[in-house]
Amino acid sequence: MTTERIGPPLAGDERAMLRGFLDHHRATLALKCDGLSDEDLRRRSMPPSALSLLGLVRHMAEVERAWFRRTIAGEDVPLVWSPEGDYQVAYDPAGSTRSEAFAAWEAEVAHSRRIEAAAASLDVTGRNARWNVEVSLRHVMLHLIHEYARHNGHADLLREGVDGTVGA
């Protein structure tokens, strides 16, 4: 499987730029996982860290769900892997597979894209229950770009540790 990754846009209105950068970072995470077995994707970085590529994919499914579906759309849905609301559960790749993790992540990304596309503007707000504040769609998109960028840095190191592959 080879992920096609488009570069971020070089020009456009604010919404197109945010959407483009978010999709670029989503594709970067998928690219970091290309060609690896389930075992390789579950490989942890170094003790005591529990980070793995599969754990990052699972975590980002939770992040997409929490920010777009739960916050912006106001859906009353549990986390993907923890009905109790424990975000740390997603990081544990034990027993997880590429197909299971990517199916969940891709489904959440599809929900996120629909919610963003349906929003009248970036000024649409939703309630973040965890922080007990109103946040705009603009904030959510910027937050996810930041979150993906940070975790893609982790994915760079994790992938290099698995098979020596470096670069985006």
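The values are calculated or read from the model by the stated rules, or taken from the named source; none is laboratory data. Worth saying up front: this structure is predicted, and the values here are computed from it rather than measured. Cβ sites come from the backbone with ideal geometry, for glycine too, and all protein chains shown count toward neighbours. Ligands, DNA and RNA are excluded from the accessible area calculation, which covers all protein heavy atoms including side chains. Shrake-Rupley method; radii C 1.70, N 1.55, O 1.52, S 1.80 Å.
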If a residue must be outside any loop (DSSP other than H, G, I, E, B), open to solvent by less than 50 Å² (accessible area, probe 1.4 Å) and under 22 Å from Glu39 (Cβ atoms), how many such residues does region 74-106 contain? 7
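So that you can scan it fast, the table gives a plain yes or no per residue for (1) on the phi < 0 side of the Ramachandran plot; (2) over 12 Å from the mean Cα position of the chain (by Cα); (3) among the β-branched types (Val, Ile, Thr):
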residue: Met46; (1), (2), (3): yes, yes, no
residue: Ser49; (1), (2), (3): yes, yes, no
residue: Glu62; (1), (2), (3): yes, no, no
residue: Arg65; (1), (2), (3): yes, no, no
residue: Arg70; (1), (2), (3): yes, yes, no
residue: Glu75; (1), (2), (3): yes, yes, no
residue: Val80; (1), (2), (3): yes, yes, yes
residue: Gly85; (1), (2), (3): no, yes, no
residue: Ala94; (1), (2), (3): yes, yes, no
If we scan region 66-82, do we find a residue that is modelled with pLDDT under 95 and touching a Leu at 6+ places or on another chain (Cβ under 8 Å)? no
Name the single residue that is farthest from Arg70 (Cα to Cα) among those in region 140-168 being in a helix (DSSP H, G or I) and open to solvent by 70 Å² or more (accessible area, probe 1.4 Å). Asp163
Quick one: how many residues across region 115-168 are closer than 18 Å to Asp76 by Cβ, under 18 Å from the mean Cα position of the chain (by Cα) and aromatic (Phe, Trp, Tyr)? 0
Under 7 Å by Cβ, and 6 or more places apart or on different chains, what pairs join a residue from region 140-168 that is closer than 30 Å to Asp123 by Cα and modelled with pLDDT of 95 or more with one that is among the aromatic types (Phe, Trp, Tyr) and in a helix (DSSP H, G or I)? Val140/Trp67; Val140/Phe68; His143/Trp67; Leu144/Trp67; Ile145/Phe21
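Residue-wise test of (1) modelled with pLDDT under 95; (2) under 20 Å from Asp163 (Cα atoms).
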site	(1), (2)
Leu18	no, no
Leu29	no, yes
Asp40	no, yes
Glu84	yes, no
Asp92	yes, no
